[in-house]
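So the structure is just underneath, and the comments pick up after that.
The values are calculated or read from the model by the stated rules, or taken from the named source; none is laboratory data. Since the model is a prediction, treat every value here as computed from it, not as a measurement. Cβ atoms come from the backbone with ideal geometry, glycine included; neighbour counts cover every protein chain shown.
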Ligand code: CP
C-alpha cells in the first residue's frame, strides 16, 4: 500500500516526531559526510514540478540519489503539458511508466490529493498552490528542534505574506501539534480574517499586525517570501519593508538567542536585509536547505523505502 504525504494537517505528534527523528539521523548523509542506507535501491521517483523550484526540486533529487534511488524529472515547460495535456493525464502517464513515487509541485491547491486518488504509486506533495508544503513544514520543525533541543514551548513568529503561503499553513499545523506557540504577523491585506478564525479556535495561535511590539519576546522569527506571482496584481506595497521587513535595526531588538528563518527564495532588502540574512550567528536559512535534504530522505524512505535498509 503506497504511503502518501499530502499535508501536515492531521498528522499527530507521534508521526511528526518519528519523521523528524528519522530526518535528524540523515543530516550527516545529507551533507555528504556519511553513507546513507540504500533504502531506495531499485526505486524510481518521478519529480513533477509544474511550478518553478530550486530548493525543493534539487533536494528531492539529492535525497533520492543519497538513498540509492533514481529520479525521472519533468517540468511544465518542456513537457507535453505545454501542448495542453492535463495535470491528471500527465500524472496517469507517469504512473504508467512504473514509477514507485511521484513528487508533485503545482499551483493547484489540492492537486497532490487529486493525483493520490487516481494513481497507483505514492504521491508526495512538494507544494500545492496556497494550501500546504509539508516537507517545508518538517524541515522548519527540524531546524527549530536542532536549535533549541525541543519544539514545545518555543515562541515562533511567522511574518509577512501569510495569505498566499503554503509554507505558513504547513508550519502552523506542525509547530502547534508539537507544542510551539505561533504568532502570525502581517498587514491586513496579507493576513486575512480567516486566520483570525484559526487563532480563535487554537490556544497556541495568535495574530498581530504590529511586528515591532513582539520582537523582544521571540525565539524564532520566520520571514515569508512576498509571493508576487500570487499577489493578484497587488504587488509589494512601497512601505512593506518599513513595517514588516526584518531590517538591521529590527534584528538588534531580537533576543540574542533568537534565530532567523526564511524558506527561500529571499527577496533581499524586502523581507530581510542582507546583513541579517547573512548573519552566521542567527540566520538558519542555509541550514534549512540542508535539513530539506534530510527531511526528504526521511519522507521518501518512509513512503517507498526498502524495509531491509541495505547498505
Ligand atoms: N522553499 C521552497 O519551496 O523553495 P523552492 O521554491 O526553491 O523549492
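Out of region 93-106, which residues are within 20 Å of residue 78 (Cβ to Cβ) and exposed (fewer than 15 other Cβ atoms within 10 Å of the Cβ)?
Selection gives 93, 96, 97.
Looking for something at pLDDT below 95 and away from the ligand (no atom under 16 Å from the Cβ) - is there at least one such residue anywhere in region 3-14?
Scanning region 3-14, I find at least one residue that is at pLDDT below 95 and away from the ligand (no atom under 16 Å from the Cβ), so the answer is yes.
Give the residues of region 265-311 that are away from the ligand (no atom under 16 Å from the Cβ), at pLDDT 95 or above and in a loop (DSSP other than H, G, I, E, B), sorted by residue number.
Scanning region 265-311 gives 273, 278, 279, 280, 281, 282, 305.
Among the candidates 87, 49, which residue alone is within 16 Å of the ligand (Cβ to nearest atom) and either under 17 Å from residue 303 (Cα atoms) or in contact with a strand residue (DSSP E or B) (Cβ under 9 Å, 6 or more places away or on another chain) (or both)?
None of the others qualify; the one that does is 49.
Going by the structure shown, is residue 286 within 17 Å of residue 57 (Cα to Cα) and touching a strand residue (DSSP E or B) at 6+ places or on another chain (Cβ under 7 Å)?
no
What about residue 307, is it out of contact with any strand residue (DSSP E or B) (no Cβ under 8 Å at 6 or more places or on another chain), free of Cβ contacts under 8 Å to residues at least 60 places away in the same chain and under 27 Å from residue 62 (Cβ atoms)?
Answer is yes for this residue.
Just the residues that are touching a helix residue (DSSP H, G or I) at 6+ places or on another chain (Cβ under 6 Å) and away from the ligand (no atom under 12 Å from the Cβ), please, taken from region 125-137.
Selection gives 130, 131.
Looking at region 56-91, which of its residues are in a helix (DSSP H, G or I), within 23 Å of the chain's Cα centre (by Cα) and surrounded by fewer than 17 Cβ atoms within 10 Å (Cβ to Cβ)?
58, 65
Tell me, which residue of region 26-55 that is free of Cβ contacts under 8 Å to residues at least 40 places away in the same chain and either over 17 Å from the mean Cα position of the chain (by Cα) or buried (at least 16 other Cβ atoms within 10 Å of the Cβ) (or both) is nearest to residue 178 (Cα to Cα)?
Only one residue fits best here, namely 28.
Could you tell me whether region 107-121 includes any residue that is part of a strand (DSSP E or B) and surrounded by fewer than 24 Cβ atoms within 10 Å (Cβ to Cβ)?
Checking region 107-121: not a single residue is part of a strand (DSSP E or B) and surrounded by fewer than 24 Cβ atoms within 10 Å (Cβ to Cβ).
Across region 139-156, which residue is nearest to residue 108 (Cα to Cα) among those that are touching a strand residue (DSSP E or B) at 6+ places or on another chain (Cβ under 9 Å) and crowded, with 24+ Cβ neighbours inside 10 Å?
Top of the filtered list is 140.
So which residues in region 199-229 are surrounded by fewer than 16 Cβ atoms within 10 Å (Cβ to Cβ) and over 14 Å from residue 156 (Cβ atoms), if there are any at all?
Those that are surrounded by fewer than 16 Cβ atoms within 10 Å (Cβ to Cβ) and over 14 Å from residue 156 (Cβ atoms): 200, 201, 203, 209, 210, 212, 213, 216, 228, 229.
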